[in-house]
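The values are calculated or read from the model by the stated rules, or taken from the named source; none is laboratory data. What you see is a predicted model, and the numbers here were worked out from it, not measured in a lab. Counting neighbours? That spans all protein chains shown, and the Cβs are built from the backbone with ideal geometry, glycine included. What goes into the accessible areas is simple: the full protein's heavy atoms, side chains included, and nothing from ligands, DNA or RNA. Shrake-Rupley method; radii C 1.70, N 1.55, O 1.52, S 1.80 Å.
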Amino acid sequence: MRVPIRPRQLAGLATAAACLLALGGCGGEYPNSTFNHHTEFNRQIDGIWDTLLFWGTVVFVITEAVLIYTIVRFRKRPDSPAPRMIHGNTALEITWTLVPVVILALIAVPTVRTIFATQRRAPADALTIEVYGHQWWWEFRYPQYGGFATANEIYIPKGRAVNFVLRTKDVLHSFWVPQLGGKRDLIANRTNQLWMTPDATSPTTVWNGFCTEFCGPSHANMKFRVYAVGADEFASWAQHQQGPAVFGGQAAPGTTVTTSTGALVVQTADTTGTAPAAAPTGYVFPAADVPEYAKPRTPVPAGLTIDDAVLAQGDPERGRQLYSRSACIGCHMIRGNPSSVGVVGPDLTHVGSRYTLAAGLYPNDARHLALWIKNSVKMKPGSLMGVLGKGEWNPMTKSPVDAGGLTDQEIADVVAYLQSLK
Ligand SMILES: [Cu+2]
C-alpha cells in the first residue's frame, strides 16, 4: 500500500522528534556543567541566567509572533490595492523605546546586585587557598595550615567559605571549577580573588577543575581536582599534609630513613621480627568513591614503555638515595628530604597521597609515574620537566639522553620512593 506524503503531518512529526531530542539532551549526569549548583555563588549566577533567559524568551516570542502575523496578514494578494503610505507613528515609537528600557532596567538591577555580591571580600573565617598557575600545572598553598603546598589536587571542607587567591607564575591562566561556579583569570602582577561556600549538604565527592585561558601547548592538559569533604575529614587531611614526608614505613632495618621531624636516622635492627610500623596518614578521599568522570583516561603515547617486571623490583630506599642526588632535587620540594628543595616543579612531599599526575592527565600509579619520569615531554607536550630516561629522544638537545639519564631500573626505584610518600 502506498502512503501519500502529507507535508503537514511530516512537519508535525519532525517538530515532535526535535523536541524529544532536545529534551533527551537535558538528561544525563553532566559532571562538568555549571548548572549543577553546589554554592551560593553558582545559584546567584544561575539566577541571573534564568532571569535573562525568561525575559529574552518573552521578547522573542512576542516579536516573532508580531512578525509572522504581519507577514501573513499583510502579504501581497493578486487583487490587493497599493498599501497606504504613512510617515511615522509617534505613539508606537515611544512604546517600543520605553518597553525595552523597562526590560533592561529589570535585568540591570539583579545583575548589578549579583556583581557586587560576588565581588565582596571573603568572610574573615574563610579557608584561604593560594592558587599559582604554572605552565601547565597548579600549585595550591594553604597559608592557614603552615603554608604547605600541594599540586593539582585540593581538599575543601563543605559548609565553609573558601577564598581562592589567584596568581600566576608565568602567563595568563584561568581558574574554573564548574560545580563551584566562578571562573576567574590569573593575571601577571595582580592578585585576583574568588570565593564561595560549598553547600554543607552537597555530596562528599570530587569535582573537576580546568584552566580556561589559553596558555600554551598543554593548556588543555592543565586540569585539577577538588575533593569536597566534611570538616573533620578536611582537618585530618590538612594536619597530615602539613607534616613532612614520612619515609620509612617500608624501609628495611639498618637503612637510613627520614623521620617525621625531617631528620635522617638509621632504622634500628628489628629484633622482634615484625615489620616497622607503617607511616601514619591523615584522611585521604577513598579511592573507591572517586567518580568515573574524575578518573584520568589519557592514553599513554605510543612507543613509550617500561617493563612491568622491572617496575615490580623498584626499591624505595635505593630510590630515595638516587632521587636525593638526581636533577629532581633542583626542581622539586620534598619536606623531610633535606636535599630536595626545588621550587620549579610541584611539591612532592605527599605525592603518594594524590590520585592524579601531571595536572590531572594520568592516574598516579607506578606505571604512569615511571613513564612520566622517563619522558615527560612525550607524556605531556611541552612539559617543562624535560626528558630524563636514558636513551629517550630529547627534543631540546636534539639527541638521545645519554650518561646522565636514568635507566628503567633506576626509574622503578625512584617510583617506589615517591609512592611511599603518602
Ligand atoms: Cu593555563
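Data for the structure
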{"item": "Length-normalised contact order of the stretch 47-185 in % [C-alpha pairs under 8 Å, at least 6 apart]", "result": "17"}
{"item": "Largest to smallest accessible area among Arg354, Arg113, Arg141 [probe 1.4 Å]", "result": "Arg113, Arg141, Arg354"}
{"item": "Relative contact order %, the stretch 275-357, counting alpha carbon pairs below 8 Å whose residues are six or more apart", "result": "18"}
{"item": "Ranked by how many other beta carbons lie within 10 Å on average, peptides 74-80, 52-58 from highest", "result": "52-58, 74-80"}
{"item": "Sequence-distant residues sharing a close amide H with Thr39 (under 5 Å, placed H)", "result": "Asp199"}
{"item": "At 1.306 mPa s and 10 °C, Stokes diffusion of the chain via Kirkwood alpha-carbon radius, µm² per second", "result": "62"}
{"item": "Overall Cα dimensions of the stretch 68-166, principal axis frame, Å, largest first", "result": "86, 30, 24"}
{"item": "Two-decimal log10 I(q)/I(0) for the stretch 139-192, as the Debye equation yields it once each C-alpha is a single scatterer, q = 0.15, 0.17, 0.26 Å⁻¹", "result": "-0.47, -0.61, -1.32"}
{"item": "Mean Cα-pair separation over length for the chain, i.e. relative contact order, pairs under 8 Å, 6 or more apart, %", "result": "13"}
{"item": "Heavy-atom accessible area per residue - the chain, 1.4 Å, Å²", "result": "55"}
{"item": "Burial ranking of peptide ranges 402-413, 128-139 (average Cβ count within 10 Å, highest at the top)", "result": "128-139, 402-413"}
{"item": "Net charge of neighbours whose Cβ lies under 14 Å from the Cβ of His219, counting Lys and Arg as +1 and Asp and Glu as -1", "result": "-1"}
{"item": "Kyte-Doolittle mean at least -1.0 and Cα axial length at least 20 Å: DSSP H helices in the chain", "result": "7-24, 40-73, 90-119"}
{"item": "Over the chain: helical MRE at 222 nm, DSSP H runs n ≥ 4 each giving -39500 (n - 2.57), nearest 500", "result": "-10500 deg cm²/dmol"}
{"item": "Amide H contacts of Phe224 (H built 1.01 Å from N, under 5 Å, at least 5 apart or other chain)", "result": "Gly209, Phe210"}
{"item": "For the stretch 324-330, Karplus couplings with θ = phi - 60° (6.51, -1.76, 1.60), whole Hz, Gly/Pro x", "result": "5, 10, 9, 4, 3, 5, x"}
{"item": "Karplus-derived 3J(HN,Hα), 6.51/-1.76/1.60, for each residue of the stretch 211-216, Hz, glycine and proline x", "result": "8, 10, 10, 3, 9, x"}
{"item": "Three semi-axes of the equivalent ellipsoid, the stretch 286-374, Cα gyration tensor, whole Å, largest first", "result": "23, 17, 13"}
{"item": "Cα radius of gyration and Dmax for the stretch 164-256 (Å)", "result": "17.7, 53"}
{"item": "Alpha-carbon centroid distance for the pair the stretch 108-158 / the stretch 161-189, whole angstrom", "result": "8"}
{"item": "For the stretch 346-352, Karplus couplings with θ = phi - 60° (6.51, -1.76, 1.60), whole Hz, Gly/Pro x", "result": "x, 5, 9, 3, 10, 4, x"}
{"item": "Long-range HN-HN contacts of Thr168 with modeled amide H, under 5 Å", "result": "Gly133, Ile187, Asn189, Arg190"}
{"item": "Listed residues Val344, Val59 arranged by accessible area, highest first, probe 1.4 Å", "result": "Val344, Val59"}
{"item": "Ordering of 292-301, 162-171, 177-186 by burial proxy (mean other Cβ atoms within 10 Å per residue, highest first)", "result": "177-186, 162-171, 292-301"}
